[in-house]
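Take a look at the structure below.
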Amino acid sequence: MKYPFQKIEKKWQAYWQKNRINQAVFSKDKPKYYLLEMFPYPSGKLHMGHVRNYTIGDVLARFKKMQGYNVLHPMGYDAFGQPAENAAIKNKADPAKWTKQCIDWMREEMQQMGFSYDWDREVATYLPEYYKWNQWIFLKMFEKGLAYKKESLVNWCSSCQTTLANEEVIDGGCWRCHTKVEQKDLEQWFLKITDFAQRLLDDLKFLKNWPSRVITMQENWIGKSIGVEIYFRLCDKGGRPTDKIIPVFTTRQDTIFGATYIVLAPEHPLIKEIIKGLPQENKVLEFIEKVSKETKTIRTAADVKKEGVFSGAYAVNPVNNEKIPIWVADYVLMEYGTGAIMAVPTHDQRDFLFAKEHNLPMRIVIQNPDEPNLKVEDLTCAYEGEGNQVNSSQFNGMHTSQSKEKIADWMSANPPKWIGPASPKASAEASEISHDKSHGDLSERRREIMGKKTTHWRLRDWLISRQRYWGTPIPIIYCDKCGIVAAPEEDLPVLLPQKVAITGKGGSPLSKVEKFINCKCPKCKSNARRETDTMATFFDSSWYFLRFCSPKYAKGVFDKEEVSYWMPVDQYVGGIEHAILHLLYSRFFTKFFNDLGLLGFSEPFIRLLTQGMVLKEGEVMSKSKGNVVDPDIIIKKYGTDTLRLYIIFAAPPEDQMDWNERAIEGSWRFLNRVWNLIENYEFKGNDSSSSEDKESKDLRQKTHLTIKNVTDDLAKDFHLNTAISSIMELVNAIYVVLSKNNNNKSSDLAVKEAIKTVILLLAPFAPHLSEEMWQRIGNKGSIFKESWPKFDSNAIKQDTITFIIQVNGKVRATMELPVDIDEEKLKATALAESNVEKWVKDKTIKKVIIVPKKLVNIVVG
RNA sequence: GGGCAAGUGGUGGAAUGGCAUACACGAUGGACUUAAAAUCCAUUGGCCGCAAGGCUGUGAGGGUUCGACUCCCUCCUUGCCCACCA
């Protein structure tokens, strides 16, 4: 008989809603458990990726609930963003209406999946009651100097007509539409995430329950390098050192004596000044012009030949007063370090290739201990390894493992070996060399030293301005008299105007809405203008997990007491694609709130599970490939529980899973087998007396072993797929007993216990079926009010064990023997076994290894 | 170029130092059926053998160990992340 999933699923979904089974109530009586899945972008339709993500989360949430935790399991919508705006342009619809419609559809689909969300806590980021707090947070950051406006080269997507954060540029393209990203000079709002770089890096060590690859990805992204900023001095046309300084950053200060030229990035602000009036001027300008036309992707492709030109100018190396030429080349990037490098062709492969190409001088300063007395003429590539210093003045003979530190200290503490004008004073001109304050503060730079130990970060400040309509308005006002002024807190939210013409072209749509733009300056009351950019939507999602704790709280961004109870999130489940973006931003926001004194912790997510993608025949499901499997169709055919079970069973949660239309039949068959356990078996009636026959005992043992295995799998390492295998094994064992006994009452008690256990263990995976069966075997109320079964250690205890008998490590027999058999007897029994005897006779027994309760290995020679 | 994963039957996968391939899909054979579907039963890594049993087998090669899918070294392959990062 097939189980009637249509009826059952509707029935229990209605029951859960009516009885508020999933409502999370603030209560300190029970331990809390906050389980969160990454909220979706409301596209209007759940795809298999969502189904997998939310099923994994739901299994864990329901399991924790049955274990007696007070579970918070909320859901919401990341509702601002370009897709809705683009859909609105396409359909000539209002993005707000469109978004609301999509949310309604998605909510219905999620309810149809039977996910145990507390729907009273639903949040949607496009609602003023939510984005008001985005604006509040922004103002707090502005107040603390963490939100600032700056003109700089930024990533620009011509297709999306907006700027992008560094984290949103993937392989040189826009993360949404893959259009090649251009560099544009624009004035934009940034968040100073770089102020948190050290803490974001250090605190990764607390995230013991995050996948190591996410940790590594974040480490790489933050990208700390420790080195030395070395101060080269620019020479005038007569070749004498001036007081202008060119700082270069290196992590290889041990090679400073081998620096034979300097290279500036083509965008370096000092170049034009350096080349003025020199014969090379035009050639250099032409080169800069040429490079500026290349996209970053082309320029940074690894196999491209390095190109460059001599600037005509020279600089002086502070450690030995050596005059070396300044080049301009495309292999040096303005974004990293100081935009200038010292080139050591003998010990850096890029410099080596460039020097060979342009016939630049080389000098060996590190000798490879395995290949000493290397000469420049013999080099076919740079030697980048460790070794002993040569040609390095007082450091000669020292190994790089020591010299690195020694040279850094020496440069930081000693004056440069200038010849020429006396120690130069800090000049305003010189401080313009640095293009970004985060790369080292020139005003503090001491000119009395050769260099300074410095740390550089790959992490850049977070660009949050978007020239789009569908987002949170940045609450800033521009006044001709007062400059940049924060919108007053009492005026929040600065509402996003309705009925705005959106074309997707020609800058921020809000800039054309006179009513929105024109306002009074909060300070001087004269006419002023509002900021027309909106916030990147990653801003919205960087704190939504906090809002869930008190979603309707009107007096502040969140209720401190509720947050201190529920937070941090105990288990977060989501896609690996957010390994950097969302997860880094959320960590940053949490630290910021912690600094404000609003939170008593600085990491938002204790445990993280990144689920794998759902593929079809090895390919990502996508509309363009036409290989999308619609969850709705599967649900209509097999029901939600089958879909949920299959998606968990098919692969471990972290791995990719390949959608297999046929394999889902197995899950469907299994649920029917479970259903038929009570259809075919007379469950009601008096329990017959417990029997001590072997069959009952074995089944009881299997039941309790299954409880142990499933509990471990769910609690420890997310082995959700094997949890289901264990339940399947138990069901198989029940059928074996039933078929043998033909409903013989002697094993009745054990069978009943086993069936009951199956229903309970299956509840997190197949909640509807379990509820129905639980009721049908005579229980009242929801199964989720039941406690998770506990195994009886006596039932698991075995009297006998199958010992493995090996001879020279090869299995020659297995023997069923008492657990507590003593070693001598075990040895004797094993040796007496006929097959073992065959392998042992005529040979000398060298050794017998006994592993208690497991095996005997007889080593013969 | 650097980093991190992973590599097991026809397929998804299990086993984290102790019986390799649990559980499931598929396949083959059988029962039931007029027939099919559904269901149930049996078999299912390869080779040898009537059988008992044996040999072989977890990407390749080496090592540690009484014993290695598991630990170590070298290499190959695939996936992901970062990348002219100085």
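A few remarks follow.
- Single unsatisfied condition, A:LYS276 versus (1) modelled with pLDDT of 85 or more; (2) near RNA strand B (Cβ under 9 Å from one of its atoms); (3) surrounded by fewer than 21 Cβ atoms within 10 Å (Cβ to Cβ): (2)
- Wholly within region A:2-121, helices (runs of 4 or more DSSP H) carrying at least 1 residues that are touching a residue at least 40 places away in the same chain (Cβ under 8 Å), under 26 Å from the mean Cα position of the chain (by Cα) and buried (at least 22 other Cβ atoms within 10 Å of the Cβ): A:48-66, A:82-91
- Verdict on A:ASP236 being within 30 Å of A:VAL365 (Cα to Cα) and modelled with pLDDT under 90: yes
- Checking each residue in region A:652-680 for being among the acidic types (Asp, Glu) and either more than 17 Å from A:ALA723 (Cβ to Cβ) or within 6 Å of RNA strand B (Cβ to nearest atom) (or both) picks out A:ASP655, A:ASP658, A:GLU661, A:GLU665, A:GLU679.
- Filtered by the rule that a residue be within 17 Å of A:SER465 (Cα to Cα) and either touching a Cys at 6+ places or on another chain (Cβ under 6 Å) or not hydrophobic (A, V, I, L, M, F, W, C) (or both), region A:141-159 gives A:GLY145, A:TYR148, A:LYS149, A:LYS150, A:GLU151, A:SER152, A:ASN155, A:CYS157, A:SER158, A:SER159.
- For region A:154-163, the criterion of a residue being crowded, with 17+ Cβ neighbours inside 10 Å and within 16 Å of RNA strand B (Cβ to nearest atom) is satisfied by at least one position.
- Of the residues making up region A:294-307, not a single one is over 37 Å from the mean Cα position of the chain (by Cα) and over 23 Å from A:THR251 (Cα atoms).
- Applying the criterion of at least 2 residues that are closer than 25 Å to A:LYS555 by Cα, touching a Pro at 6+ places or on another chain (Cβ under 9 Å) and not hydroxyl-bearing (Ser, Thr, Tyr) to the strands (runs of 3 or more DSSP E) found wholly in region A:464-542 leaves A:483-486.
- Some residue of region A:608-625 being part of a loop (DSSP other than H, G, I, E, B), polar (S, T, N, Q), more than 11 Å from RNA strand B (Cβ to nearest atom) and over 20 Å from the mean Cα position of the chain (by Cα): yes
- If the condition is being without any contact (Cβ under 8 Å) to a residue 12 or more places away in the chain and in a helix (DSSP H, G or I), then region A:199-210 contributes A:ASP202, A:LYS205.
- Every residue from region A:807-821 that is assigned to a strand (DSSP E or B) and among the polar types (S, T, N, Q): A:THR814
- Listed by first and then second residue, the pairs with beta-carbon distance under 9 Å, at least 6 apart or on different chains, first residue in region A:359-370 and free of Cβ contacts under 8 Å to residues at least 60 places away in the same chain and closer than 22 Å to A:GLN394 by Cβ, second surrounded by fewer than 18 Cβ atoms within 10 Å (Cβ to Cβ) and among the aliphatic types (A, V, I, L, M), are A:GLN367/A:LEU374; A:ASN368/A:LEU374.
- Contact map, region A:839-851: first residue at negative phi and surrounded by 13 or more Cβ atoms within 10 Å (Cβ to Cβ), second residue of a type outside the set (A, V, I, L, M) and not in a strand (DSSP E or B), Cβ cut-off under 9 Å, separation 6 or more or different chains; pairs are A:TRP839/A:ASN808; A:LYS843/A:GLY861; A:ILE845/A:GLY861; A:VAL848/A:GLU823; A:VAL848/A:LYS827; A:ILE850/A:GLU823; A:ILE850/A:LYS827.
- The sole residue among A:ASP203, A:ASP171 that is modelled with pLDDT of 85 or more and either touching a Pro at 6+ places or on another chain (Cβ under 6 Å) or acidic (Asp, Glu) (or both) is A:ASP203.
- Within region A:626-650, tally of residues that are within 15 Å of RNA strand B (Cβ to nearest atom) and of a type in the set (S, T, N, Q): 1
- Among the residues of region A:822-837, not a single one is more than 16 Å from RNA strand B (Cβ to nearest atom), in a helix (DSSP H, G or I) and crowded, with 19+ Cβ neighbours inside 10 Å.
- Residue that is surrounded by the fewest Cβ atoms within 10 Å (Cβ to Cβ) [pool: residues in region A:164-179 that are of a type in the set (D, E, K, R) and either within 12 Å of RNA strand B (Cβ to nearest atom) or assigned to a strand (DSSP E or B) (or both)]: A:ASP171
- Residue within region A:380-395 that is small (Gly, Ala, Ser), more than 16 Å from RNA strand B (Cβ to nearest atom) and surrounded by 19 or more Cβ atoms within 10 Å (Cβ to Cβ) present: yes
- Test: residue in region A:689-705 that is without any contact (Cβ under 8 Å) to a residue 24 or more places away in the chain, in contact with a helix residue (DSSP H, G or I) (Cβ under 7 Å, 6 or more places away or on another chain) and closer than 30 Å to A:LEU738 by Cβ: no
Each row is one residue, and each column tells you yes or no for (1) surrounded by fewer than 19 Cβ atoms within 10 Å (Cβ to Cβ); (2) not aliphatic (A, V, I, L, M).
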residue	(1), (2)
A:GLU577	yes, yes
A:LEU583	no, no
A:GLU619	yes, yes
A:SER622	yes, yes
A:VAL629	yes, no
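- Residue in region A:633-659 that is surrounded by the fewest Cβ atoms within 10 Å (Cβ to Cβ), counting only those that are aromatic (Phe, Trp, Tyr) and closer than 19 Å to A:GLY57 by Cβ: A:PHE649
- Helices (runs of 4 or more DSSP H) enclosed by region A:695-806 - at least 3 residues per element that are away from RNA strand B (no atom under 16 Å from the Cβ) and charged (D, E, K, R): A:748-762, A:767-776
- Tally, over region A:340-362, of residues that are of a type in the set (Lys, Arg) and closer than 20 Å to A:LYS375 by Cβ: 1
- Pair list, Cβ < 6 Å and 6+ apart or interchain, from region A:750-766 residues that are farther than 21 Å from A:ILE648 by Cα and surrounded by 24 or more Cβ atoms within 10 Å (Cβ to Cβ) to residues that are basic (Lys, Arg) and at pLDDT below 95: A:ALA750/A:ARG700
The values are calculated or read from the model by the stated rules, or taken from the named source; none is laboratory data. Just so it is clear, the model here is predicted, and its values are computed rather than measured. Neighbour counts are summed over all protein chains in view; Cβ atoms, including those assigned to glycine, are modelled from backbone coordinates with ideal geometry.
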